[in-house]
Amino acid sequence: MTAFNTLPLKPALLASVETLGYTEMTPVQAQSLPPMLAGRDVIAQAQTGSGKTAAFGLSLLQSIDVDTIRLQALVLCPTRELADQVSKALRKLAANIPNVKLLTLCGGMPLGPQLASLSHDPHIVVGTPGRVQEHLKRGSLHGGGIKVLVLDEADRMLDMGFSEAIDDIIGRIAKHHQTLLFSATYPEEIRAVSQRVQTDPVVVTVDAPAEQKPAIEQQFIEVEPAQKLDALAQLLAGERGQHALVFCNMRRDVDAVAQELDRRGYSALALHGDMEQRDRDEVLVRFANKSCNVLVATDVAARGLDIAALPLVLCYDVAHDPDTHTHRIGRTGRAGETGLAITLCTPRERPKAANIEEAGGVPLSWRTLKVAPPRGKTLQLAPMKTLVIDAGRQDKLRPGDILGALTGDAGLDAKDIGKIDVFATRAYVAIGRALATKALERLRAGRIKGRNFRVRPLG
Ligand code: AMP
């Protein structure tokens, strides 16, 4: 009963599902797709990794009529990273439906190009609330034909203060539309939003069966405040520290911790909400392409990031509330791998740990750590280094061009070249650390696609 072909889906969508290799529906899909396809409002409690994107994606793609050139589906996401990820997933699902126009509209990006691409109405918009609201207000986006509104990670959108923007957006789109609300947690505020914006919703809550729950081993370690950094560095020196996310409660600690780790020989970078979008992108590229092995972040900055299956999450401070703690540790143990989440707790933070214990309903597992002051510099550099090329999609530069330049004239082996990310005006390529200088010199001396672009190393 959980095969996709039991659903009344267009053949084109069933074909995409098959191409993507989805043989069975996930529990969230099995419960939410039938009512969604029947046109009902649905509120679903679903975590990242539950298959929620495909659930609402299939439903909204089923609803749109490509021959009508009008905005018909709007997906609101808390962050640009999540919006990009959702857009990518929708494009894959829509691969067999010709001429679907999907646009991603997020804040932090220049308005001009967005306005230009809105000269014809897209069928689907995926975006962040502030920017979508702005376009609706300006009249560059027309909400009158919207049939489906999706609120993805609604709890995070509320946390980030998007409540008013969402209400305003709803006031500017077609009165009769289907509203699909997805949220990892189910606090009172979410119920209130549902009551405000949904009509007789079908409620879907899926408790992942034990064997499907991501396996996360949690440990709590009591440390004195003065020992925190040494303890952190020591834990990161372990095997799992090769790719780890560290959470701090405060922004100023994020910078201080990242700098101190960097000083101690780790490839650590900070990520927080005060950073320019471009710098955030750069940090995320470097973390994903393995030229940074420790990312130190605030909770807000880490929301919606698509960082898959991290082996280790370290909480430098105990989160202020159990929900935030759950979001943090959910960053490890994804995609069927066992993850480790370690929380450092000072004696003063004990009450917060007790809250987490109470909310989780299981005793916390405490362990001790013999914290030793660092002996010299532990060199724990990331395996790759990033080079930036000051050219991108606007210069018609593609990953293959960069790969070609590196393996051709520059004489590198393809196995020493890592992830290549091409943005509008810049491109990033990861090179095995030992070969980065050579690659840089060769790229500077040679040409990419027959042209000379500026190339510089990062970090
Ligand atoms: P999400 O919860 O939307 O972030 O999706 C988590 C991951 O599960 C994505 O990589 C999807 O491609 C994948 N996925 C979604 N639905 C299925 C399915 N029915 N079977 C297998 N994988 C799926």
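Figures for the structure shown
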{"item": "All helices (runs of 4 or more DSSP H) inside region 167-285 with 1 or more residues being outside the structural domain of Thr79 (by TED's automatic domain parsing) and more than 30 Å from Pro129 (Cα to Cα)", "result": "228-236, 251-263"}
{"item": "Qualifying residue in region 65-72 (condition: more than 18 Å from the chain's Cα centre (by Cα), more than 18 Å from Ile146 (Cα to Cα) and hydrophobic (A, V, I, L, M, F, W, C))", "result": "no"}
{"item": "Cross-chain or 6+ apart pairs with Cβ under 7 Å, region 249-278 first and free of Cβ contacts under 8 Å to residues at least 40 places away in the same chain and farther than 15 Å from Val294 by Cβ, then open to solvent by 60 Å² or more (accessible area, probe 1.4 Å) and not in a loop (DSSP other than H, G, I, E, B)", "result": "Gly273/Val300; Asp274/Arg251"}
{"item": "Of residues in region 109-125 being without any contact (Cβ under 8 Å) to a residue 40 or more places away in the chain and among the hydrophobic types (A, V, I, L, M, F, W, C), the one least open to solvent (accessible area, probe 1.4 Å)", "result": "Leu118"}
{"item": "Within region 329-366, tally of residues that are surrounded by 21 or more Cβ atoms within 10 Å (Cβ to Cβ) and either assigned to a loop (DSSP other than H, G, I, E, B) or within 18 Å of the chain's Cα centre (by Cα) (or both)", "result": "5"}
{"item": "Number of positions in region 1-10 that are in contact with a strand residue (DSSP E or B) (Cβ under 6 Å, 6 or more places away or on another chain) and either more than 11 Å from the ligand (Cβ to nearest atom) or over 21 Å from Ala46 (Cα atoms) (or both)", "result": "0"}
{"item": "Test result for Ala382, closer than 30 Å to Gln219 by Cβ, in contact with a Cys (Cβ under 9 Å, 6 or more places away or on another chain) and part of a loop (DSSP other than H, G, I, E, B)", "result": "yes"}
{"item": "Matching residues, region 415-459, being acidic (Asp, Glu) and within 30 Å of the chain's Cα centre (by Cα)", "result": "Asp416, Asp421"}
{"item": "Among residues of region 8-21, those that are part of a loop (DSSP other than H, G, I, E, B) and open to solvent by 20 Å² or more (accessible area, probe 1.4 Å), counted", "result": "4"}
{"item": "Extreme residue, nearest to Arg191 (Cα to Cα), among residues of region 11-21 that are within 8 Å of the ligand (Cβ to nearest atom) and hydrophobic (A, V, I, L, M, F, W, C)", "result": "Val17"}
{"item": "Single match in Ile169, Ile190, Ile216 (criterion: in contact (Cβ under 8 Å) with a residue 12 or more places away in the chain, on the phi < 0 side of the Ramachandran plot, under 26 Å from the mean Cα position of the chain (by Cα) and open to solvent by 20 Å² or more (accessible area, probe 1.4 Å))", "result": "Ile216"}
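The values are calculated or read from the model by the stated rules, or taken from the named source; none is laboratory data. These numbers come from a predicted model, not from an experiment. Heads up, the Cβs are rebuilt from the backbone with ideal geometry, glycines too, and the neighbour counts pull from every protein chain shown. Areas reflect the complete protein model, heavy atoms only, side chains present, ligands, DNA and RNA absent. Shrake-Rupley method; radii C 1.70, N 1.55, O 1.52, S 1.80 Å.
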